[in-house]
1. Given Cα pairs under 8 Å that are at least 6 residues apart, what percent is the relative contact order of region B:16-281?
2. Under the definition of partner shielding as Cβ atoms of other protein chains within 10 Å of a residue Cβ, what is the mean value for peptide B:119-127?
3. Sorted by mean Cβ packing within 10 Å, highest first, what order do the peptides B:122-131, A:241-250, A:156-165 take?
4. For region B:16-281, what percent of Cα pairs sit more than 29 Å apart?
5. Quick one: Kirkwood hydrodynamic radius for region A:141-228, alpha-carbon pairs, angstrom, one decimal?
6. Determine ³J(HN,Hα), in whole Hz, for all residues of region B:63-75 in sequence, where each value follows from phi through the Karplus function 6.51 cos²θ - 1.76 cosθ + 1.60 and θ = phi - 60°; x replaces Gly and Pro.
7. Scan around B:Leu30 for amide H atoms under 5 Å from its own, H built in the peptide plane at 1.01 Å from N, and keep only partners 5 or more places away or cross-chain.
8. State, as an integer percentage, the relative contact order of region B:28-92 based on alpha-carbon contacts under 8 Å between residues 6 or more apart.
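Here, each number is a calculation from the coordinates, and none is a lab measurement. Since we're looking at a predicted model, the values are computed, not measured. Please note: Cβ atoms are built from the backbone with ideal geometry, for glycine as well, and neighbour counts cover all protein chains shown.
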Amino acid sequence: MAVHLAVVAGFSWNPLSDASAILSWQFMRSAYEAGTVVALVSGVVGYFVVLRRTAFAAHALSDMGFPGAAGAALIGVNPVVGMLVFTLTVGAVMGMLGERVRGRDTVVGIVLAFSLALGYLFSSLYTGNSTEAFALLFGQITGVTTWDVTVTVAASAIALGAVAVMYRPLLFASVDEVVAEARRVPVRLLSVGFMLALALAVSAAVQVIGVLLIFALLVTPAAIAERLTRRPGAAIACASGLAVLFVWVGLAIAYYQPYPPSFFIVGLAFVTYVVVRVAPGARAWSRRGLMGSWDTSTRSTSPPR
Amino acid sequence: MSGPVTDVPAVSPGPEAAGSSLTVVRAVGLAAGYGPTPVWAGATFDVRPGEFVAVLGPNGAGKSTLLRVILGLVPVRAGMIEVLGDSPRRGNAGIGYVPQSRVLDTDAAIRGVDLVGFGLDGGHWGVPVPGRARRAARELVTAAIESVGASAYARRRLGELSGGERQRLLLAQALVGAPRLLLLDEPLASLDIRNQGLIAQLVASIARARSLAVLLVGHDVNPLLPVVDRVLYLARGRVEIGPPEKVVTSATLSRLYGSEVDVVFDRRGRRFVVGLEDEVTHPHPLNGPAVKRPADHPAP
């Protein structure tokens, strides 16, 4: 597990000195670098996961990374490579099935359970204990090496670039596949393209947050953003911003506490989600959109005919 | 993928807008269907610019199939069809299409204006770049929303809109690319009677103002009768087209549906069809092979 520091300077309430204390460690710098990149890409991809209602498929896809990584370690290949190969393959298959993946929760769940069992087998064959599996399942952000950071940045950059290229047709096809198809938008191709981008994002995020906790970065910020704004661009920016915030604050708290960073990142995301759901006025926000006031100024007041 | 952004909807079409002929859709002996057996056959009709045609018939008669043939999504089995002077092809920018109402996401951070904007640049790759072209596109979207009277709620979330409001925005989406042919599949389904009349009148006035040909698929002929130019009936594999006073008669409808259908007149001479109420909810079994609906068009 993470190197938990018994001897660190205490929390000082001075953000600058705290930040410089935290970032004086190479492993913390790597954790912040990888975490920031992963949070950014998770927010962007997460908006589309929520919009397309493919949260369960996305979760299953990230779980496929587990046997991929564990199997690769078993045969002496870099786990990240194994994870990428597995998730990209599964993502392509899911993308080709497209619409049919939705509503097939039972099948997805069965494959998911088997892949987790397979991953557990591989990792116990490899190390003889479950430490390795534990890191993959729950993340080990403070164990991120500079090589890991490079891989994470590369995978995230490709995923971000792909989503940027697909942005408009993907938005169209996600909201209204029937009209998009009639207008010659390549719906199936976009479905595959999105699942591949998701596979890259998931593989990048696993090192930070782990296979099982990936939802905290992928879905929770997007679900919070959805309630704070109703503009797609603003929702994406909001989701990415929140994900970055959760990672930064989560890592900082974990630096001063003997508990795993993953917990604080997920916990912050969860608490924020609950607050946004139940806070008085949250309903009105979601109706108006917290950031909706920007565009209401141009809103026409002419009554409908 | 969509029409050029500069293509502002014209009030009256120029001579070139009408193409080589004066017909928007021309079908001769047309038959179509998903399998080897056509759903219907022998369809011969023309649709001219500015003409509002209601496409009617029982469930499973192949009304949506006709629209999907025109869209180039269903192959022609026999005969010929010309759409805007060409054979049907997918992604024809001259066609605005509103499919049968589907479940659109309820909570998503996406607004009516975004939906309308898809009609303009939804197929374009990349992220929209701010600039002149973007502003011009915004103006077109605003104009399309105003033309259907949806300005008051276009900036709400899709999930907060009523069925009638969403239908108007989908109509704006179909109109924003300045099409010459509008295909509307059951736009009146799941609307209350008042909204059915309002949407039918709105479509009629837009069709006339823009010389836009409209094919509107409907279940109930009554809200459409006051506003349509012609009706096209699909029933039991046959196709019948003509002005309401010729086709919407007790004799023709009884023959088409194979059951007693009455056409009655009120004191102001308006036509009403009675005897098809069951048809709307309980379709008759068809003569001939059972019609299989495409997977993406489940029965309502």
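1. 25
2. 6
3. Those peptides, ordered most packed to least, come out A:241-250, A:156-165, B:122-131.
4. Across region B:16-281, Cα pairs with separations above 29 Å total 33 percent.
5. 14.5
6. Result, ordered by residue: 5, 5, 4, 4, 4, 6, 5, 5, 7, x, 9, 10, x Hz.
7. B:Gly42, B:Ala43, B:Thr44, B:Met80
8. So the answer I get is 39 percent.
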